[in-house]
Every structure is written in C-alpha cells, then in structure tokens.
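Trainee: I'd like to ask you about the structure that follows.
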Amino acid sequence: MNDYLTAFGNWLESLGEDHGVNPWILGPLYFTSKVIFVTCLAWTVKNLRKKKPVTKSLMCAGAGFSIPYLYIIIFGHDISIWVYVFIVCFILFGVFNAWRQLSKASRQPDVQ
C-alpha cells in the first residue's frame, strides 16, 4: 500500500512539474476555497432573510469558489483545452447550484 501512495505522490509531482501547477498548493487552495464559499453562502442567506444587501457576500462567495481555478489558469502551462472547458463548466454549475440554493433559502421563513 505504501508503494502505491509513493507512486501516486510521484505522479502528482510530475504533473505539477509538467504543467506548472504545484499539487501541494492546489489541494489546500481547493479545500480552503470550499470553506470560504460555504461560509459566504451562509452569510448571504442570513442577509437575504434580514432583507439586507447581498452583493458583498455574493462577491466573496464567488471569489472563494474560483480561487483554485484561477490558480490553474494563471500559473498553469501546456494544459489541454478540455481542462479549461471543464473549469468553465464547473464554475457555471457552481453558479447555478448557488442560485438554486439561495432562491430556496430566501423563500423559507426565518426560524429563530
């Protein structure tokens, strides 16, 4: 089992060297961005229910969601076009999913 993990780690590092994206930076960026995204969405729902402006919280959620993808776009090189298509599709899916969740949450009464 240890040999498989070592081989997997070596493979990830070789991908990072080939494409200019460090997997040991991308991984924490990815997981951190999801925490930021979910926190900002909760902030947005709270503001929606209190009838406060949601622009700032939505902008923070969008920035948090896109951090790892921006890292790939800015620092990556020799990356296949399908990766960029996947990134665009993933971002569009995230926007749609966030919109759906927010519209559902804004219709629910505030429970305290």
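Trainee: After finding the eigenvalues of the alpha carbon gyration tensor for segment 2-107, what semi-axes result from the square roots of 5 times each, listed largest first in whole Å?
Mentor: Result for segment 2-107: semi-axes of 33, 15, 11 Å.
Trainee: Give the aspartates and glutamates whose C-alpha is closer than 16 Å to that of Lys52, dropping any in the same chain fewer than 8 places away, or say none.
Mentor: In chain and number order, the partners are Asp110.
Trainee: A further question on this structure: Mind giving me the FRET efficiency for Asn10 and Ile79? R0 is 25 Å, r the Cβ-Cβ distance, nearest 0.05 is fine.
Mentor: 0.80
Trainee: Please order Ile25, Ile72 by the number of other Cβ within 10 Å, starting at the fewest.
Mentor: Ile25, Ile72
Trainee: Under the rule that a partner needs its Cβ under 4.7 Å from the first Cβ, which Cys of the chain have none?
Mentor: Cys89
Trainee: Considering the options Phe31, Ala98, His77, tell which one lies farthest towards the positive end of the dipole of segment 2-107, charges being +1 on Lys and Arg and -1 on Asp and Glu at the Cβ, about the Cα centre.
Mentor: It is Ala98.
Trainee: Going through segment 23-105, which trypsin sites (Lys or Arg not before Pro) have at most 13 other Cβ atoms within 10 Å and a DSSP loop state?
Mentor: Lys50, Lys51
Trainee: Counting Lys and Arg as +1 and Asp and Glu as -1, each charge on the Cβ, what is the dipole of segment 2-107 about the Cα centre in debye, to the nearest 20?
Mentor: Once rounded to the nearest 20, the dipole reads 1500 debye.
Trainee: Roughly how tilted is helix 55-75, in degrees to the nearest 10 and between 0 and 90, from the longest Cα axis of the chain?
Mentor: In the chain, helix 55-75 runs at an angle near 10 degrees to the longest axis.
Trainee: Hey, another quick one. Can you give the angle from 0 to 90° between the axis of helix 23-49 and the longest principal axis of the chain, with both taken from C-alpha atoms, to the nearest 10?
Mentor: The answer is roughly 10 degrees.
Trainee: Give the residue from Thr6, Val45, Pro68 lying farthest towards the positive end of the charge dipole for the chain; charges sit on Cβ (+1 for Lys and Arg, -1 for Asp and Glu) and the dipole is referred to the Cα centre.
Mentor: Value computed over the given set: Val45.
Here, each number is a calculation from the coordinates, and none is a lab measurement. Since this is a predicted model, take the numbers as computed values, not measurements. Cβ: placed from backbone, ideal geometry, glycine included. Neighbour counts: every protein chain shown.
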